[in-house]
1. Could you tell me how many of the residues in the range 324-363 are among the hydrophobic types (A, V, I, L, M, F, W, C), closer than 19 Å to Ala379 by Cα and either within 19 Å of the chain's Cα centre (by Cα) or crowded, with 24+ Cβ neighbours inside 10 Å (or both)?
2. Can you go through Ala39, Ala15, Ala21 and tell me which one is out of contact with any Asp or Glu (no Cβ under 9 Å at 6 or more places or on another chain), crowded, with 18+ Cβ neighbours inside 10 Å, at pLDDT below 70 and of a type in the set (Gly, Ala, Ser)?
3. Please determine whether any residue of the range 206-222 is more than 19 Å from Ile348 (Cα to Cα), outside any loop (DSSP other than H, G, I, E, B) and of a type in the set (Val, Ile, Thr).
4. For the range 231-248, which positions are touching a residue at least 12 places away in the same chain (Cβ under 8 Å) and out of contact with any Pro (no Cβ under 9 Å at 6 or more places or on another chain)?
5. Check Ala83 against each of (1) surrounded by fewer than 24 Cβ atoms within 10 Å (Cβ to Cβ); (2) touching a Pro at 6+ places or on another chain (Cβ under 6 Å) and name the one condition it does not meet.
6. Would you check if Val50 is closer than 18 Å to Ala21 by Cβ and either aromatic (Phe, Trp, Tyr) or out of contact with any Pro (no Cβ under 7 Å at 6 or more places or on another chain) (or both)?
7. How many residues does the range 278-313 contain that are part of a helix (DSSP H, G or I) and either out of contact with any helix residue (DSSP H, G or I) (no Cβ under 8 Å at 6 or more places or on another chain) or aliphatic (A, V, I, L, M) (or both)?
Amino acid sequence: MLVSAQILSGAGLAAGITVGALLAQDMLDSTSLSGLPSALFTIGSAAAAVLIGRTSQRLGRRVGLSAGYATGAVGSLGVVIAATTGSVVLLFLSLFVYGAGSATNLQARYAGADLAPPHQRGRAVSTVLVATTVGAVAGPNLVTATGRLAEALDIPRLSGPFALAAVAYAAAAAVLWVMLRPDPLTTARAAAAETPQPAEKSQDPAATGNHRAHLVLGASVMVLTQLVMVAIMTMTPIHMQHHGHDVGAAGLVIAVHVAGMYLPSPFSGLLVDRFGRLAVAAASGVTLLGAGLLAALAPPDSTGLLAVALGLLGLGWNFGLISGTTIIADTVPLATRARTQGKIDVSIALAGAGGGMASGMVVAATSYSVLAITGGVLALAIIPAVARTARA
């Protein structure tokens with residue numbers, strides 16, 4: 001049932017990402033502020049991550065995740081109303097609330113690891129993430145269809161994908177509330193209480209030695225990959241629009257990007273379990289560098305090369321998220337797991353907010369190419385962080 005909810009929520013998440021910057025540009029008449037939607041819903045995601053983590057710790061994943069998706073549905077509906085009425089204030093508030101859907105979608109990956117043995121945690125996390133692919137790839141490709149439906153209903157064309165998000169998030173909340181039984185976190189805690197186990201030993205060095213160092217590394221990898229991914233992703237539709245591409249072309253590129261974020265998950269999980277968390281974390285930095293360079297050097301009129309660049313951007317993020325998540329699952333005990341995971345996801349969300357906000361300003365002051373190269377180079381900081389932790 002967790003997989004079914006991720007399919008639904010993926011559609012809501014990706015549809016909003018595709019047109020959020022374009023909607024803000026239309027309503028604010030400013031390119032420099034077009035990264036604001038990404039910043040707002042990632043700040044909202046940060047706030048929601050804390051609440052979802054605390055709720056999950058007390059009442060289980062079913063309650064925490066269901067409430068998060070329901071909140072995301074309310075925010076999505078608010079964006080539709082804001083676009084229809086032309087209310088910028090309501091738009092900003094609704095985008096903040098919409099971020100709860102993104103936070104929930106990410107926190108669901110932790111539920112996949114709750115009952116998994118250490119040597120299978122990478123694959124367990126990846127199973128939840130790959131389920132998001134179906135909805136996440138479909139969402140951007142429904143931009144044109146939902147836009148036409150919106151116009152037929154006499155509401156702004158760019159609000160159509162957010163209407164889809166409202167329905168998708170509400171459906172995901174209902175699926176989890178009714179069918180996520182038994183709850184994975186409470187079941188894992190009960191099993192641990194009934195049968196005391198010796199300290200877990202992962203086959204990966206990230207689970208041994210200095211736990212604090214590995215906790216910091218896991219969080220840092222996910223924070224940095226989120227910042228770089230959001231910054232480049234947010235401005236790609238704007239960059240394409242400025243060079244004559246229509247919304248459908250931008251939707252296609254974002255669909256490839258989202259596929260890169262989620263579809264390779266089984267492969268990434270296998271790599272994490274077989275070759276180690278640290279090796280895959282380092283690979284995320286190299287992959288993001290390649291994505292940034294290709295995005296910067298691709299001819300602006302080449303939809304194909306931009307799609308490849310954004311696909312690599314998604315893959316680098318996927319490597320970072322799965323390796324970082326598995327490091328955290330290795331390190332944090334069940335007694336505080338959901339609460340700690342929620343706090344870490346706050347940092348991830350704030351990094352995304354910073355990347356989204358800064359991206360518009362960087363492009364307005366310089367160019368999309370400068371943004372892409374800067375992001376790629378910044379991602380290389382993961383490699384010395386991995387090397388330092390490996391020696392800890």
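1. 10
2. Numbers: Ala39 fails: at pLDDT below 70; Ala21 fails: at pLDDT below 70.
The conditions single out Ala15.
3. No.
4. Ala231, Ile232, Met233, Met235, Thr236, Pro237, Ile238, Gln241, Gly248, listed by residue number.
5. All conditions are met except number (1).
6. Here the answer is no, as Val50 does not meet what is asked.
7. At the first step, the residues of the range 278-313 found to be part of a helix (DSSP H, G or I) are 278-297, 303-313.
Now drop any that are not either out of contact with any helix residue (DSSP H, G or I) (no Cβ under 8 Å at 6 or more places or on another chain) or aliphatic (A, V, I, L, M) (or both), which leaves 278-283, 286, 288-289, 291, 293-297, 304-310, 312-313.
Residues flagged as part of a helix (DSSP H, G or I) and either out of contact with any helix residue (DSSP H, G or I) (no Cβ under 8 Å at 6 or more places or on another chain) or aliphatic (A, V, I, L, M) (or both) within the range 278-313 amount to 24.
The values are calculated or read from the model by the stated rules, or taken from the named source; none is laboratory data. Every value quoted in this text rests on a predicted model; they were computed, and no experiment measured them. So basically every Cβ, Gly included, is an ideal-geometry build from the backbone, and we count neighbours across all protein chains shown.
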